[in-house]
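J.: Mind looking over this structure? Questions follow.
Where a number appears in this text, it was derived from the coordinates with a stated rule and is not lab data. All values reported here derive from a predicted model rather than from experimental measurement. Here the Cβ positions follow ideal geometry from the backbone for every residue, glycine too, while neighbour counts run over all protein chains shown.
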Amino acid sequence: MTAVVHANGLSKRYGTTAALDSVNLNIEPGRIVGLVGPNGAGKTTALKAILGLTEFDGELSVLGLDPRTHRYQLMQQVCFIADVAVLPRWLRVSEAVDFVAGVHPRFSREKCQALLARTKLKPTQRVRELSKGMIVQLHLALVMAIDAKLLVLDEPTLGLDILYRKEFYQNLLNDYFDEQKTIIVTTHQIEEVEHILTDLLFIRDGKIVLDATMDQVGERFAEVMVNPDKADAARALKPIYERQIFGKSIFLFDGIDRARLAELGELHKPSVADLFVATMKGTYS
Amino acid sequence: MKQGSMNQGSMNTIAAKVHSPMNTFSWLLKREFWEHRGGFLRAPAITALIFLALTLMGLATVELTARRFDFNFNNLHIDQITQHIANNDIAQVGTGVDVALLSLGSPIGIVLFFVVFFYLLGALYDDRRDRSVLFWKSLPLSDTQTVLSKVVAAAFIAPALAIAAMIALHIGFLILLSLYALLHGINPLPLLWSPLHLIGLWLKLVALIPLNAIWALPCIGWLLLCSSFARSKPFLWAVAVPVIAGIMVGWVNLMSQLSLPNIWFWHKIVGRCLLSVFPGSWVNAEAFKDLARSHGNPGDMLGAVLSLDSVKALLTSADLWVGAAAGVAMIAAAIYFRRKRTEAYA
């Protein structure tokens, strides 16, 4: 099976700063990939390159196509939700459905209408009359009714309340995703997506600093809660991060033998958020 | 498993649907109409209604004033005046009706100019500013199709709707005038309603749409190019660049005493880039100077302008085709920038 996204030495410069610094990537079908990084790390630039919305240097193929020259063909197989506010404000709900049904060969009107029936959206409403959450419901109904191979989500739930956010990912997982599809998602609310991800990509200063499946993350990284008397022993093993809580130290280790760590204290699976903080420390200093 | 088999089923029905490029293009045109109903449809319709209302007010004023003062004109009552006209050459009256109807419709032409001008300036800019371009670009639409749909909307859809409003205004105006005539016991039918004549006039208006479109290409191209290229303030780009260029050319002329008259640049470049979407603005072209000079009275001139000869003169003029070629080149450039740019500053 060929990779959905394959990048080799992908680079993009804005003036003197490198938004992407020779990135190598391989995303297989049937994965849900979280692309996570601090603000300005190059997440959006990477997604834009994948979607053919920006020029770049290096090699990049999406579903076997060059997104710079084949954006039109690519968009038959690829969908994206850029962020919550991109549906045109003058568009009516019914017009949106008619238009996408008219131009997209892989759109199912029946499925879209079934999805819309679950919401409070009315066909005559214009986007400008909708709340942010309802706009996302509309956009998601449109996108989920498209049988695409790759779905790209760039901060899809930004500014939504927790009810809409939960619903968004639940719908995506229950009614959309299957082993034929691939989803790439960027978000700052990692804790909300980590249970649905199969793969994790950390990006920092235009470089991929972590590229692993969630299983590998679980094997590689371990968090240990250590009493003060063993703290120095723990530090000797070169933890990648250390924080204090209730007088104990919590250390995060990368690739250290579990048996040795268990001697120091209680072992935990680290959360992606903690892993992120550990990996990105010093980004803004 | 269950989900997998369901997807298989829906994929089969999806594959059966046909999506030809023509079909997509007609959806793009519908999209333009949905977004710009206000400018394309409502603006000319409201203008037509306003002028009908003004006509009604005018007729009422004439009637009331005439009654109050028992108005006499060369010892003729007002109904006798119309009777007098009826006895005159009907053909003369027909031309008069043409002139009246066309000048009545001209405000709609002016509205059309402003609507199309600002439509084109915003066509490839507004969606970048509000970021909805990212939604359009997430659909399988090529940039060429998108830009061409805007060309067609500006060159054909907006003018066609404006002419429909004009025709409605003409009919409304003739009905009002006929009612006024009936009020004075005159049969309006032979005077105002000669169906062949009216249909001829309207067909000419419709037939001029493609001619106007070719003539407008440099303006359409330039405005779309600015709309596609500008990261902010497309209006400033569109106006400032040709105007500053015109001033520079004038200055160079002044310095070097070249024989090429300065007015040439303003007329052929600045004017065409900014104003040629004005319906019928080709009447000012060189080919028409002589035609206009040879016809003294406005009725004859109008006839000449709308005649086959004048269309032939325009169709064989370099003005038209050089401008059209420049317009096509600028549209191609607009497509190029549409592909490259997705950002704009508010």
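J.: Restricting attention to the stretch A:116-216, which GluC sites (Glu not before Pro) occupy a DSSP loop and are surrounded by at most 10 other Cβ atoms within 10 Å?
T.: Numbers: sites: A:Glu129, A:Glu167, A:Glu179, A:Glu191, A:Glu192, A:Glu194; in loops: A:Glu179, A:Glu194.
For GluC sites (Glu not before Pro) across the stretch A:116-216 that sit outside H, G, I, E and B with at most 10 neighbouring Cβ atoms in 10 Å, the list reads A:Glu179.
J.: Still on this structure, I have one more. Take the cross-link list B:Lys150/B:Lys268; A:Lys181/B:Lys137; A:Lys12/A:Lys120; A:Lys166/A:Lys269; A:Lys122/A:Lys166 and give me the ones stretching past 31 Å between alpha-carbons.
T.: Working: B:Lys150/B:Lys268 24 Å; A:Lys181/B:Lys137 20 Å; A:Lys12/A:Lys120 42 Å; A:Lys166/A:Lys269 23 Å; A:Lys122/A:Lys166 22 Å.
Too far apart for the 31 Å limit: A:Lys12/A:Lys120.
J.: Over the stretch A:5-205, calculate the relative contact order: mean separation of alpha carbon pairs under 8 Å at least 6 apart, over the residue count, as a percent.
T.: 32
J.: What number does the protein assembly as shown give for Rg over Rh if you use C-alpha atoms and the Kirkwood radius?
T.: That ratio is 1.14, to two decimals.
J.: Please go through the stretch A:144-248 and write out the chymotrypsin sites (Phe, Trp or Tyr not before Pro) that DSSP classes as loop and that have at most 14 other C-beta atoms within 10 Å.
T.: A:Phe246
J.: Quick one: grab the alpha carbon gyration tensor of the stretch A:217-280, order the square roots of its eigenvalues as a ≥ b ≥ c, and give me rounded if a/c is under 1.5, else prolate or oblate depending on whether a/b is larger than b/c.
T.: Oblate, because a/c is 1.5 or more while a/b does not exceed b/c.
J.: Local charge sum around A:Gln170 (other residues, Cβ-Cβ under 13 Å, Lys/Arg +1, Asp/Glu -1)? Working shown, then result.
T.: On the way: positive: A:Arg118, A:Arg165, A:Lys166; negative: A:Glu167, A:Asp175, A:Glu192.
Here the count lands on 0.
J.: How about the stretch A:117-212: which trypsin sites (Lys or Arg not before Pro) there lie in a loop by DSSP and see at most 13 other Cβ atoms within 10 Å?
T.: When the trypsin sites (Lys or Arg not before Pro) of the stretch A:117-212 are filtered for loop state and at most 13 Cβ neighbours within 10 Å, A:Arg118, A:Lys120 remain.
J.: Would you mind counting up the charge near A:Ser271? Only other residues with Cβ under 9 Å from its Cβ, with Lys and Arg at +1 and Asp and Glu at -1.
T.: -3
J.: Report Rg(Cα)/(2.2 N^0.38 Å) for the stretch B:96-150, keeping two decimals. Walk me through the intermediate numbers first.
T.: Numbers: Rg = 17.4 Å, N = 55, 2.2 N^0.38 = 10.1 Å.
Here the answer is 1.73, to two decimals.
J.: Rank-order A:248-259, B:129-140 by packing density, defined as the average count of other C-beta atoms within 10 Å over each peptide's residues, highest first.
T.: B:129-140, A:248-259
J.: If you average over every viewing direction, what projected area does the convex hull of the Cα atoms of the stretch A:5-205 give, in nm²?
T.: 11.0
J.: Once the Cβ-Cβ distance between A:Arg260 and A:Leu163 is put in as r, and R0 is 56 Å, what FRET efficiency do you end up with, to the nearest 0.05? Can you show the working numbers first?
T.: Details: r = 44 Å, r/R0 = 0.79.
Calculated value: 0.80.
J.: Report the Cα-based extents of the stretch B:150-264 along its three principal axes, largest first, to the nearest Å.
T.: The principal-axis extents, from largest down, are 69, 36, 23 Å.
J.: Counting only other residues whose beta carbon sits under 14 Å from that of A:Ile190, what net charge do I get with K and R as +1, D and E as -1?
T.: Neighbour charge sum, excluding A:Ile190 itself: -4.
J.: Kindly point out which whole DSSP H helices in chain A project their C-alpha atoms 15 angstrom or further along the helix axis while averaging a Kyte-Doolittle hydropathy of -1.0 or above.
T.: Span-like helices, by this rule, are A:93-103, A:132-144, A:162-175.
J.: Separate question: Take the Cβ-Cβ distance between B:Leu254 and B:Val206 as r, set R0 to 56 Å, and report the resulting FRET efficiency rounded to the nearest 0.05.
T.: So, using R0 = 56 Å, E works out to roughly 0.75.
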